[in-house]
Amino acid sequence: MGTKTDDETGVETGTEATTDEEKVDVTKADEETGTEAEGTAEPSDIESAEDEDGDELPVAQVKESSGVGQGAGAIVAAALGLVSLTGSWVGTVASARVEINGQLEMQASQSASVATQLQSVYGDAWEATALWAGTFALVALLVGVAVLARPAFGVPGKPQPVWIKSVSWAGVSLGVIGLLLAVLKYTGVWLGVPSAG
């Protein structure tokens, strides 16, 4: 009763052997799946880019930041082009300053002709306004062209959003119109100082 037959012990050892083999097979399978899972999650497989410090950033973050910058540039170009047409606070202050200087000069010299007085008091102030308008128009033109040319130096195959192109072209157009009007105002061809005669 207390002893086991050879058949029983063989069966027991056989079952133990099979369970050991199953354990080994399971651990091998786990190791294989673990390495496969690690292989699929390697960071080298994920597209990345480097920022200014050399740290890796996901491509989605790079695309988002570059789109935001281009959008902001397009809006700035359009706003500056609009300012060049409607006038700016800087141009108003510069015009008033030139006008005050002209009035002081006219009070100091009473013998100046009417044409000289008109040019000193009104003409120079008008030219200062035109100069500042032209400056805003030129900056709008440069910013708009830079935004439109940016995709050529960015990620290849990445199209620029349509609204950024549209706003940039609006900024360029307003800049060209503002620059043309500023030149015409400064030279006196358009709305020049009336002649004294």
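The values are calculated or read from the model by the stated rules, or taken from the named source; none is laboratory data. The model shown is predicted, which means the values in this text are computed figures rather than measured ones. Just so you know, the surface numbers come from the protein's heavy atoms only, side chains and all, with ligands and any DNA or RNA stripped out. Shrake-Rupley method; radii C 1.70, N 1.55, O 1.52, S 1.80 Å.
Observations on the model:
- Heavy-atom surface analysis with a 1.4 Å probe gives segment 96-182 a carbon and sulfur content of 70 percent of its accessible area.
- Gap separating the Cα centres of segment 162-192 and segment 76-98, nearest whole Å: 12
- Computed extension length for Val145-Thr187: 12.5 nm, one decimal, from 0.36 nm per residue of separation with the Cα-Cα distance subtracted.
- Applied to segment 175-186, the Karplus parametrisation 6.51 cos²θ - 1.76 cosθ + 1.60 on θ = phi - 60° returns per-residue 3J(HN,Hα) values of x, 5, 5, x, 5, 5, 5, 5, 5, 5, 5, 5 Hz, with x for Gly and Pro.
- Spherically averaged projected area of segment 90-165 from its Cα convex hull (nm²): 6.9
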